[in-house]
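A.B. asks: Just dropping this structure here.
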Amino acid sequence: MESKSPAALALTGIEAGYVAGVPVLSGVDLEVREGEVVTLLGRNGAGKSTAIRVICGLLKPNAGRVELHGERIDGLEPAAIVGRGIAVVPEGRRVFGSLSVEENLLMGGFAHRRGIAPKLDLDAIYTSFPRLVERRTQLAGTLSGGEQQMVAMGRALMAKPRVLLLDEPSMGLAPMLIDAVFDMISTLAGKGLTILLVEQNASEALDVADRAYVLERGRIRREGPAERLLSDPEIRASYLGVG
Amino acid sequence: MTFVIQLMSGLAVGCIYGLVAIGFSMIYRAMGLVNFAQADIMMIGAFLGYAILVAAPGIPFWLAIIGAMLGAALLGFVIERVAIRPSVARRADQVYLVLLTLGIGIVLSNGARLIWGADPVVYPTGLTHQTLTLAGYPLPAVYLYIAVVMPALLVGLHLFFTRTWLGLALRAAADDPDTAATMGVRPALATSVSFALASAIGAAAGVLYAPISYVSFDMGVIGVKAFAAAVVGTLGSIPGAVLGGFIIGLGETFGGQLIATEYQDSIAFAIMIGILLLKPTGLLSGARR
Ligand SMILES: Nc1ncnc2c1ncn2[C@@H]1O[C@H](COP(=O)(O)OP(=O)(O)OP(=O)(O)O)[C@@H](O)[C@H]1O
Ligand SMILES: [Mg+2]
């Protein structure tokens with residue numbers, strides 16, 4: 001049942017870490033095909049955010065390669081990688097606290113600053129997140145967690161990515177807002193956006209995802225179609241809190 | 001001295017402190033660093049203005065200001081690249097970085113002494129001795145330049161930081177360099193540009209201060225008062241730096257008159273200590289920056 005579409009994003013044999021001699025990722029292979037939603041699951045400290053940092057270029061891998069549509073991007077500066085079409089909603093949202101909501105969104109379009117596009121794209125973002133319209137001049141640091149998550153997502157979309165990386169977008173949100181976040185992800189997936197979703201909220205993530213990987217102590221332990229992992233007894237026991 | 005002259009002189013020197021304080025605040029915000037070389041960069045700016053006025057006699061004063069700003073911007077850019085960046089990249093502790101900036105300041109001041117000598121110099125321009133009369137009071141003519149350049153710089157900075165991509169990128173990188181990088185900002189370039197900008201503003205302060213003071217390798221000592229101004233207004237805040245500059249400038253002018261001018265410098269610090277006792281994070285902490 002292997003699909004023939006080319007990998008939008010592929011990690012091959014990635015080794016990475018922060019301190020010499022302490023590997024955080026060991027031989028990670030991961031693939032996200034065009035138009036696919038892939039979720040990367042794992043416990044605290046498994047190395048999920050590290051994988052995201054490697055893809056964005058914030059952390060140089062010690063070995064292995066990262067390819068975007070067949071072109072190597074490891075070794076590029078983060079600023080160059082966004083230009084190739086990768087945007088990220090970082091863990092903990094990381095909105096620019098002393099910038100207004102609108103300035104945060106505009107910053108998301110920084111890579112497209114040479115045109116007038118970012119100003120026009122704002123309207124589309126406000127349509128998706130009407131809540132942000134009334135907050136546009138408010139400092140992002142003073143928003144609620146849910147509103148900050150909207151800013152972080154809107155900001156990433158302003159980059160008009162081909163591949164969107166989401167690092168625990170549901171973290172710290174009330175259940176209703178968690179649903180809203182996953183609805184948004186489904187909507188984006190419906191529009192054909194390629195998504196890599198890091199989550200600890202395994203059941204919701206597996207619901208929206210096509211395929212999943214499970215990271216344990218820096219190694220990929222399991223991978224497969226989302227439905228299969230959802231019904232896998234071992235996954236159910238360790239990640240879904242059932243069985 | 002009458003009240004009006006005092007007031008004008010306090011405001012004028014307050015503008016100078018405010019401009020140098022803006023430099024402190026901008027760099028503090030951009031890289032969390034107190035750059036004690038800031039006032040020596042102001043001093044170099046004052047000498048660059050002097051060099052321009054000597055090299056091109058009769059050149060309009062505002063051109064000397066712009067020339068000094070451009071020269072200082074280049075110097076600031078180079079200092080950040082060559083002297084500060086390598087230590088930051090090796091994750092030097094803040095204490096060492098602050099000591100490093102003190103060292104850079106000493107190098108700059110000794111460099112100026114080597115080039116321009118130990119004796120104070122006076123700007124070879126009519127502006128130095130010129131006075132203008134405001135409502136019957138004689139005031140140094142350079143006050144007029146201060147009154148124009150200060151607001152122009154403030155408006156320019158505001159527009160730069162809120163209306164341009166580069167300004168927005170500098171603020172974003174100051175908030176969170178990694179996240180800004182994932183949006184296409186090069187944080188290292190952003191800090192260099194912040195340094196260049198802070199240096200240019202310092203140079204403007206130096207050239208404007210020269211006609212009411214003197215130009216000498218050791219004029220950077222006013223940096224400690226500008227630092228007090230930046231702290232009073234909350235380090236990192238540009239409006240705070242301006243407010244702090246006026247408080248220190250007016251405070252030391254009137255305070256010096258009330259007590260004795262010898263105590264002017266101590267008054268600046270008495271004000272700082274007093275304000276920090278009441279509001280330890282400075283007057284504009286929590287406000288929009
Ligand atoms: N900046 C850093 N310096 C040193 N070690 C780090 C750094 N960031 C993360 N680590 C270590 O790398 C390992 C993986 O961290 P990572 O943040 O990738 O985990 P994660 O899977 O995202 O966890 P969580 O679910 O808690 O976000 C952890 O052991 C962590 O302590
Ligand atoms: Mg994480």
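The values are calculated or read from the model by the stated rules, or taken from the named source; none is laboratory data. Source: prediction; values computed, not measured. When we count neighbours, we look across all protein chains shown, and the Cβ atoms used for this are built from the backbone with ideal geometry, even at glycine. Ligands, DNA and RNA are excluded from the accessible area calculation, which covers all protein heavy atoms including side chains. Shrake-Rupley method; radii C 1.70, N 1.55, O 1.52, S 1.80 Å.
A.B. asks: Between the stretch A:54-118 and the stretch B:43-107, what is the C-alpha centre distance in whole Å?
C.D. replies: Using only Cα atoms to place each centre, the spacing works out to 33 Å.
A.B. asks: Explain nothing, just the number: dipole magnitude of the stretch B:40-157 about its Cα centre with +1 on each Lys and Arg Cβ and -1 on each Asp and Glu Cβ, in debye rounded to the nearest 20.
C.D. replies: 300 debye
A.B. asks: Still on this structure: Once the whole set of protein chains is in place, how much accessible area is left on A:SER144, using a 1.4 Å probe, in Å² to the nearest 10?
C.D. replies: Probe radius 1.4 Å; accessible area of A:SER144 about 60 Å².
A.B. asks: Taking the Cα-to-Cβ direction at B:ALA89 and at A:ASP179 and moving 7 Å from each Cα, how far apart do the two end points lie in nm?
C.D. replies: So the two model labels end up 5.2 nm from each other.
A.B. asks: Heavy atoms only, probe 1.4 angstrom, no DNA, RNA or ligands counted: give me A:MET176, B:MET43 ranked by accessible area, highest first.
C.D. replies: My answer, sorted largest first, is A:MET176, B:MET43.
A.B. asks: Connecting C-alpha atoms closer than 10 Å in a GNM of chain A, tell me which of A:VAL54, A:VAL181, A:VAL101 has the biggest fluctuation.
C.D. replies: Between A:VAL54, A:VAL181, A:VAL101, it is A:VAL181 that shows the largest mean-square fluctuation.
A.B. asks: For the modelled label position 7 Å from the Cα of B:ALA147 along Cα-to-Cβ, which residues of the stretch B:10-30 have backbone nitrogen atoms closer than 16 Å?
C.D. replies: B:10-16, by backbone N distance to the label point.
A.B. asks: Here's a follow-up. On a 0 to 90° scale, report how tilted helix A:145-158 is relative to the longest principal axis of chain A, with both axes built from alpha carbons and the result rounded to the nearest 10.
C.D. replies: 90 degrees
A.B. asks: At 1.4 Å probe size, with every protein chain present, just tell me what the per residue accessible area of the stretch B:1-153 comes to in Å².
C.D. replies: Normalised by residue count, the accessible surface of the stretch B:1-153 is 46 Å².
A.B. asks: Something else now. Quote the charge dipole size of the stretch B:3-278 about the Cα centre in Debye, to the nearest 20; the model charges only the Cβ of Lys and Arg (+1) and of Asp and Glu (-1).
C.D. replies: That gives the stretch B:3-278 a dipole magnitude of about 560 debye.
A.B. asks: Something else about it: Among B:THR234, B:THR2, A:THR142, what's the order by accessible area (1.4 angstrom probe), most exposed first?
C.D. replies: A:THR142, B:THR2, B:THR234
A.B. asks: Please give the total accessible area that chains A and B bury against each other, computed with a 1.4 Å probe and expressed in Å² to the nearest 100.
C.D. replies: Roughly 2100 Å² of accessible surface disappears when A and B pair.
A.B. asks: Taking H placed 1.01 Å from N in the peptide plane, check which residues at least 5 places from B:ALA141 or on another chain put their amide H under 5 Å from its amide H.
C.D. replies: So B:ALA141 has HN proximity to B:GLN130, B:THR131, B:LEU132.
A.B. asks: Measuring from label point to label point, each 7 Å out along Cα→Cβ, what is the B:LEU159 to A:GLU77 span in nm?
C.D. replies: Placing both labels 7 Å beyond Cα along the Cβ direction yields 2.8 nm.
A.B. asks: Report, in whole Å, the centroid distance computed from the Cα atoms of the stretch B:1-16 and the stretch B:123-183.
C.D. replies: Answer, in whole Å: 19.
A.B. asks: Among A:LYS119, A:LYS60, what's the order by accessible area (1.4 angstrom probe), most exposed first?
C.D. replies: The residues order as A:LYS119, A:LYS60, largest area first.
A.B. asks: Be a star and scan the stretch B:207-234 for residues whose amide nitrogen sits under 17 Å from the point 7 Å along the Cα-to-Cβ vector of B:LEU70.
C.D. replies: Answer for this model: B:207.
A.B. asks: Leaving ligands, DNA and RNA out of it, report the carbon-plus-sulfur percent of the accessible area of the protein assembly as shown at a 1.4 Å probe.
C.D. replies: Roughly 61 percent of what the probe reaches on the protein assembly as shown is carbon or sulfur.
A.B. asks: With everything on Cα atoms, drop me the angle between helix B:3-31 and the longest principal axis of chain B, reported from 0 to 90° to the nearest 10.
C.D. replies: The helix B:3-31 is inclined about 10 degrees to chain B.
A.B. asks: What distance in nm separates the two pseudo spin-label positions at B:LEU276 and A:SER128, each 7 Å out from Cα along the beta-carbon direction?
C.D. replies: Taking the two extended label points, one gets 4.7 nm.
A.B. asks: Another question about this same structure. Putting +1 on Lys and Arg Cβ atoms and -1 on Asp and Glu Cβ atoms, find which of A:THR137, B:SER87, A:MET153 reaches farthest to the positive end of the dipole of the protein assembly as shown.
C.D. replies: The residue sitting farthest along the positive end of the dipole is B:SER87.
A.B. asks: Distance between the C-alpha centers of the stretch A:209-240 and the stretch A:122-170? Whole Å please.
C.D. replies: If you average the Cα positions of each part, the centres end up 29 Å apart.
A.B. asks: With everything on Cα atoms, drop me the angle between helix B:38-55 and the longest principal axis of chain B, reported from 0 to 90° to the nearest 10.
C.D. replies: The angle comes out near 60 degrees.
A.B. asks: Return the single residue from B:ILE16, B:ILE238, B:ILE271 with maximal mean-square fluctuation; model: Gaussian network over chain B, springs between Cα atoms under 10 Å.
C.D. replies: In this elastic network of chain B, the residue with the biggest mean-square fluctuation among B:ILE16, B:ILE238, B:ILE271 is B:ILE271.
A.B. asks: May I ask which residue of B:THR101, B:PHE195, B:PRO177 lies farthest towards the positive end of the charge dipole of the stretch B:3-278, with charges of +1 (Lys, Arg) and -1 (Asp, Glu) on Cβ and the Cα centre as origin?
C.D. replies: B:PRO177
A.B. asks: Mind checking which of A:LEU139, A:LEU165, A:LEU196 has the largest fluctuation in a GNM of chain A, springs on alpha carbons under 10 Å?
C.D. replies: A:LEU139
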